[in-house]
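Asker: Below you'll find the structure I mean.
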Amino acid sequence: MEGFSRINRSGVVFSRVDREDVRGPQQLKEHTLLYIRSGRAEVICDDRRTPLAAGDCVFLRKDHRLMLDAWAPEDGGTPFQSVALFFCRKFLHSYYRTLRPEDLPRDARRGREPVLKIPAGPELESLFLSLTPYLDAADSLTEETAWLKRLEGARCVLAADRNVYASLFDFAQPWKVDLLGFMEENYLYDLSVPELARYTGRSLSAFKRDFKKVSDLTPEKWVLHRRLQEAHRLLSAGGCRVADAMLESGFKDPAFFSRAYRRQYGYPPRETPPSAP
C-alpha cells in the first residue's frame with residue numbers, strides 16, 4: 001500500500017502512514033501494547049470506538065478481532081507513526097520465570113475488555129521516547145534491546161492494571177490451564193516438571209495427580225514420546241536429515257536420540273521408511 005510502511009524488529013513494530021488513510025482488520029494472536037507517536041487513530045471492537053491521539057497508549061488483548069483506522073496528515077504535516085510491542089508466549093514465559101510468587105496478585109481476574117487505555121506516566125513516556133531514534137532506523141534495533149523494551153512495556157501495563165496479570169500469565173496460578181493442551185504447545189522447550197507444574201497453575205503434587213488423569217505416562221515420558229513422534233513425522237515425510245530432525249524435535253544428544261528412537265519404533269532413525277503417499 002502506497003504511503004504505508006511497517007517494520008517488525010523482534011516483536012517491536014514501527015508503522016508509518018504518509019499519504020493515505022489506512023483501515024484494516026486486526027486479528028491479534030499476541031497481547032500488544034500500542035503507542036501513537038504522531039497523528040491520530042481509532043480502534044474499533046464490538047462497536048466500541050477508542051480514539052487515539054499522539055501520546056496515547058493502549059493495551060490490546062489477544063484473540064479479539066479489531067478494526068484499526070490510522071489517518072495520514074493533512075497538507076503534508078507530520079506523518080502518522082506508531083510503535084507496537086508484541087508479547088508472545090515465549091517472551092511471557094521468560095518474564096514470568098523472573099517473578100516471585102508474592103509478585104502475583106491473588107485477586108487478579110481476566111479482563112474482558114479487549115482495549116485498555118494506559119495512563120501516561122514517566123515510565124511509559126521514557127520507554128517510547130527511547131524508541132524514537134529507531135522510527136527511521138529500525139534495522140539498528142538489536143534483538144536484545146527489543147527484548148528489554150518489551151519488558152519495560154509489560155511492566156507499564158501491569159502497573160496500570162493488576163488484572164492484566166491474569167491475561168498475560170494465563171498459565172500461572174491461580175489460573176489453571178488444560179494440561180495436555182499446554183504440554184502439546186510446549187513439549188519442545190526444556191522445561192522441568194516443577195516448571196510445568198508452575199506454568200499450569202498447580203503445585204507439583206497437584207500437577208502429577210492431574211497428569212495421571214489424562215495420561216498413562218509420566219510427564220517426562222510423555223515429553224520424550226511426543227518428541228520422538230515429531231522426529232518420526234519429519235523423517236517419514238522425507239527430505240529431512242537425521243541431525244536436523246533430532247534438533248527440530250528437541251533432542252541434543254545424538255546417541256540418546258538414536259537409542260530412544262530405536263526403542264520406540266524398532267529401527268534407528270536413519271532407517272525410517274517413508275510414509276505412504
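Asker: Condition test on LEU151, is it touching a helix residue (DSSP H, G or I) at 6+ places or on another chain (Cβ under 9 Å), surrounded by fewer than 18 Cβ atoms within 10 Å (Cβ to Cβ) and closer than 17 Å to SER94 by Cβ?
Answerer: So LEU151 fits the description; yes.
Asker: Return the only residue of LEU196, LEU158 being out of contact with any strand residue (DSSP E or B) (no Cβ under 7 Å at 6 or more places or on another chain), crowded, with 19+ Cβ neighbours inside 10 Å and not assigned by TED's automatic domain parsing to the domain that holds LEU92.
Answerer: Testing whether each residue is out of contact with any strand residue (DSSP E or B) (no Cβ under 7 Å at 6 or more places or on another chain), crowded, with 19+ Cβ neighbours inside 10 Å and not assigned by TED's automatic domain parsing to the domain that holds LEU92 leaves just LEU196.
Asker: State which residue is modelled with the lowest pLDDT when the search covers only segment 225-277 and only residues that are of a type in the set (S, T, N, Q) and surrounded by 18 or more Cβ atoms within 10 Å (Cβ to Cβ).
Answerer: Ranking the qualifying residues of segment 225-277, first place goes to THR272.
Asker: Here is a check on your reading of the model: is ALA159 within 24 Å of ILE118 (Cα to Cα), of a type outside the set (Val, Ile, Thr) and in contact with a Gly (Cβ under 7 Å, 6 or more places away or on another chain)?
Answerer: no
Asker: For segment 219-277: of the residues being farther than 30 Å from PRO194 by Cβ and among the polar types (S, T, N, Q), which is nearest to the chain's Cα centre (by Cα)?
Answerer: Among them, the one singled out is SER236.
Asker: Can you go through ARG262, ARG209, ARG233 and tell me which one is within 29 Å of ARG97 (Cα to Cα) and of a type in the set (Lys, Arg)?
Answerer: Exactly one residue qualifies, and that residue is ARG209.
One line per residue, one yes/no per condition, for (1) under 18 Å from CYS156 (Cα atoms); (2) in the same structural domain as VAL12 (by TED's automatic domain parsing); (3) in a strand (DSSP E or B):
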{"residue": "ASP63", "(1), (2), (3)": "no, yes, no"}
{"residue": "LEU66", "(1), (2), (3)": "no, yes, yes"}
{"residue": "ASP69", "(1), (2), (3)": "no, yes, yes"}
{"residue": "GLN81", "(1), (2), (3)": "no, yes, yes"}
{"residue": "PHE86", "(1), (2), (3)": "yes, yes, yes"}
{"residue": "ARG110", "(1), (2), (3)": "yes, yes, no"}
{"residue": "LEU129", "(1), (2), (3)": "yes, yes, no"}
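The values are calculated or read from the model by the stated rules, or taken from the named source; none is laboratory data. Predicted, not measured: the structure shown is a model, and the values here were computed from it. Methodologically, a virtual Cβ is constructed for each residue, glycine included, from the backbone with ideal geometry; neighbour enumeration extends over all protein chains shown.
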